[in-house]
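Data first, discussion second: the structure below is written as C-alpha cells.
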Amino acid sequence: MDDASGCGSSRVPPAFCGQRLKPARTIRVGGSSADPDYVLQTAVSPISPLLAVSTSAPAIKSFDVASGASLGDVAPRHPGTVTDLGFAEAAFGGAGPGREVLLSSSSESAVYAWDARARSQAGVFPAYGGAGELWSCSGGGGSTGHLLAAGGNSQILLWDMRCC
C-alpha cells in the first residue's frame, strides 16, 4: 500500500511508516522557562563531536554531541541575527590546511568565521554590491577547498577563504 507520503514504497521502508522516532538525546540550550533561549540554527561538525547552535540571545553556543555537555559560547554576542550556520575545513591567512571553522551568516551583511574549539573569531567576510542581509552560507568547496559562498537579495557572493 502506497500513500501520498510514500509509505510502503521503495522510498520509505515500511518499518518507518507511521512510527514516531524518539530523539537519542535532548540538550538544554539555556535561558529560563519564563525567558528561554530559542534555537534558530544548528550545525553538526562532520569531523569532530561538536554541535553549534545559534540562539535568540543572539549567541552561538557549542556542545559535545556525545555527552551533551556545554563547551561554552563560540560567539557570546553575535553581530546581528544568525541566519545560517555551517562547518568548513579551511586554511585562513596561512594558518595551514585542516583548520575546522564554523561559518555564520548574519543580518549584518557579513559572514563570520569562528574557530569553534578556541571559541574565537577567525575572520569576517563583508557583503559587497548591495547584497544586504545574508540568508545562507557554506564553505570549503571549490577545486581547492577554499571557496565560501553566501546568498542574499537575489545575489550569491563568493570569497576565497585564504584571504583573511
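The values are calculated or read from the model by the stated rules, or taken from the named source; none is laboratory data. None of these values were measured; they are calculated from a predicted model. FYI the Cβ positions are ideal-geometry reconstructions off the backbone, even for glycines, and counts take in every protein chain you see. The protein model used for the area step is the full one, side chains on, heavy atoms only, and it has no ligands, DNA or RNA in it. Shrake-Rupley method; radii C 1.70, N 1.55, O 1.52, S 1.80 Å.
For region 55-89, the set of residues classified as among the hydroxyl-bearing types (Ser, Thr, Tyr), over 15 Å from residue 120 (Cα atoms) and either part of a strand (DSSP E or B) or open to solvent by less than 60 Å² (accessible area, probe 1.4 Å) (or both) consists of 55, 56, 70, 83, listed by residue number. Filtering region 29-41 to residues that are surrounded by 12 or more Cβ atoms within 10 Å (Cβ to Cβ) and either of a type outside the set (A, V, I, L, M) or closer than 17 Å to residue 101 by Cα (or both) leaves 30, 31, 36, 37, 41. Restricting attention to region 37-54 and to residues that are touching a strand residue (DSSP E or B) at 6+ places or on another chain (Cβ under 6 Å) and of a type in the set (Ser, Thr, Tyr), the residue that is farthest from residue 138 (Cα to Cα) turns out to be 54. Scanning region 45-84 for residues that are among the charged types (D, E, K, R) and more than 13 Å from the chain's Cα centre (by Cα) yields 64, 73, 77. For the structure I just gave you, tell me whether residue 104 is at pLDDT 90 or above, surrounded by 16 or more Cβ atoms within 10 Å (Cβ to Cβ), within 29 Å of residue 24 (Cβ to Cβ) and not hydrophobic (A, V, I, L, M, F, W, C). Judged against the criteria, residue 104 is a match. Taking region 107-130 as the range and being surrounded by 19 or more Cβ atoms within 10 Å (Cβ to Cβ) and either part of a loop (DSSP other than H, G, I, E, B) or in contact (Cβ under 8 Å) with a residue 40 or more places away in the chain (or both) as the test, the residues that pass are 109, 111, 113, 114, 116, 122, 123, 127.
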